[in-house]
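One structure is given here, and the rest of the page talks about it.
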Amino acid sequence: MALVIESGSGVPGAESFATADELVTYAANFGKVLPAGMAQLEALLRRAALQMDAMPWKGGAASRDQPLAWPRVGVKRNGWVLPSNEIPPQVKAGQMALAAEIHADDLAPPELKK
């Protein structure tokens, strides 16, 4: 099933802030190893988004029905109020970094995991 991307408008059924293509570009730019298949990339992004939902974000959800933690209202960064209809690039980058780390953890031998 195709990955549903949150654009900042409270997309019903949204599962990710970043696309699989963006994740591939992120991995190439930062020297991260990822699986080659589209389904595996999308699964990593879904897993990262679920973990991000548990984080204590500033502000509040823009809508009671939105499936992900963003978009948010009442968030200030460096003294500036962030628009409630956008996903900050740092949130997308954070999701992609987390997805890459999840994959690295999946590859790690069990004896290295504590």
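The values are calculated or read from the model by the stated rules, or taken from the named source; none is laboratory data. On a predicted model such as this, the values are computed, not experimentally measured, just so you know. Cβ coordinates were reconstructed from backbone atoms using ideal geometry, including for glycine residues, and neighbour counts include every protein chain displayed. With ligands, DNA and RNA removed, areas are computed over all heavy atoms of the protein, side chains included. Shrake-Rupley method; radii C 1.70, N 1.55, O 1.52, S 1.80 Å.
For the chain, adding -39500 (n - 2.57) for each run of n ≥ 4 DSSP H residues and dividing by the number of residues yields -13500 deg cm²/dmol at 222 nm. With point charges of +1 on the Cβ of Lys and Arg and -1 on the Cβ of Asp and Glu, referenced to the Cα centre of the chain, which listed residue (TRP57, ALA93, ALA27) lies farthest in the positive direction of the dipole? Positive-end residue among those listed: TRP57. Accessible area per residue for the chain is 61 Å², calculated with a 1.4 Å probe on protein heavy atoms, without ligands, DNA or RNA.
The share of accessible area on the chain that comes from carbon and sulfur is 59 percent, using a 1.4 angstrom probe. In this structure, the amide hydrogen of ILE5, modeled 1.01 Å from its nitrogen in the peptide plane, lies closer than 5 angstrom to those of GLU15, counting only residues at least 5 positions away or on a different chain. Residues of segment 45-71 falling in the label zone of MET1, defined by backbone nitrogen less than 18 Å from a point 7 Å along Cα to beta-carbon, are 45-51, 66-69.
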